[in-house]
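The values are calculated or read from the model by the stated rules, or taken from the named source; none is laboratory data. Predicted model, so just to flag it, every value in this text is computed and none were measured. Note that each Cβ is placed from the backbone with ideal geometry, even for glycine, and that neighbours are counted across all protein chains shown. SASA here: full protein model, heavy atoms, side chains in, ligands and nucleic acids out. Shrake-Rupley method; radii C 1.70, N 1.55, O 1.52, S 1.80 Å.
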Amino acid sequence: MKSINIVLIEPLIHANTGNVARTCAVTGAALHLVKPLGFSIDDRHLKRAGLDYWDKLDITIYENKDEFFEINKDESFYYFSKKGKRSFSEIEYPERAFIVFGREDVGLPDELLEKNEDRCVRIPMVSDVRCLNLSNSVAVAVYEIARQKGYAGLS
């Protein structure tokens, strides 16, 4: 079982997901994709973004949020959102963490954030810019968790 698990709920842009897949491959993180997806995972652009890493991915695809949360109900989730009150770097992540990101256009659903307010975190940014790109946000988060774990397994 992977210690870092990246969850993309209803991602829309194949290039972002391809870049996230590459980040997973080079860090040993698992990737969880929650449908509906805004693209086909057979899409040539998605594969091109991570083609030489695609066979090295630990990837699971879920039909919807309900299926994902039911299968992983006992896990530790951290919801990344510009609405989070605490910085992601203030958290001491457990041995096995699921970091959850929403769609590129709307982020995570408000009801999910409200229900899990104590597990909502944000990446600090200037206030007059919308947000960091999804794949960049994932990379920032993954490397903070890897740093906290002493970059175990990475060279």
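Would it be correct to say that Val26 is at pLDDT 85 or above and open to solvent by 10 Å² or more (accessible area, probe 1.4 Å)? Even if it seems obvious, please write down each step before you answer.
Numbers: at pLDDT 85 or above: yes; open to solvent by 10 Å² or more (accessible area, probe 1.4 Å): yes.
Yes.
If you check Leu57 against the conditions, is it in contact (Cβ under 8 Å) with a residue 24 or more places away in the chain, in contact with a Cys (Cβ under 8 Å, 6 or more places away or on another chain) and closer than 18 Å to Gly18 by Cβ? Let's see the steps before the verdict.
On the way: in contact (Cβ under 8 Å) with a residue 24 or more places away in the chain: yes; in contact with a Cys (Cβ under 8 Å, 6 or more places away or on another chain): yes; closer than 18 Å to Gly18 by Cβ: yes.
Spelling it out, Leu57 is indeed in contact (Cβ under 8 Å) with a residue 24 or more places away in the chain, in contact with a Cys (Cβ under 8 Å, 6 or more places away or on another chain) and closer than 18 Å to Gly18 by Cβ.
What's the total number of residues in the range 29-64 that are in a loop (DSSP other than H, G, I, E, B), within 18 Å of Phe98 (Cα to Cα) and modelled with pLDDT under 95?
Count: 1.
Considering only residues that are without any contact (Cβ under 8 Å) to a residue 12 or more places away in the chain and of a type outside the set (Asp, Glu), which ones fall in the range 60-107?
Phe69, Ile71, Lys73, Val106
Conditions (1) in contact with an Asp or Glu (Cβ under 6 Å, 6 or more places away or on another chain); (2) closer than 29 Å to Ala152 by Cα, marked per residue:
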| site | (1), (2) |
| --- | --- |
| Tyr79 | no, yes |
| Lys83 | no, no |
| Ser89 | yes, yes |
| Tyr93 | no, yes |
| Phe101 | no, yes |
| Glu104 | no, no |
| Glu114 | no, no |
| Val126 | no, no |
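How many of the residues in the range 110-129 are touching a residue at least 40 places away in the same chain (Cβ under 8 Å) and not in a helix (DSSP H, G or I)?
Qualifying residue count, the range 110-129: 5.
I'd like the full set of residues that are under 15 Å from the mean Cα position of the chain (by Cα) and either surrounded by fewer than 14 Cβ atoms within 10 Å (Cβ to Cβ) or not in a strand (DSSP E or B) (or both), limited to the range 90-104.
Passing the criteria: Tyr93, Arg96, Gly102, Glu104.
Spot the failing condition for Val126; the list is (1) open to solvent by 50 Å² or more (accessible area, probe 1.4 Å); (2) of a type in the set (A, V, I, L, M, F, W, C); (3) under 15 Å from the mean Cα position of the chain (by Cα), and only one is missed.
Looking at each condition in turn, Val126 falls short on (3).
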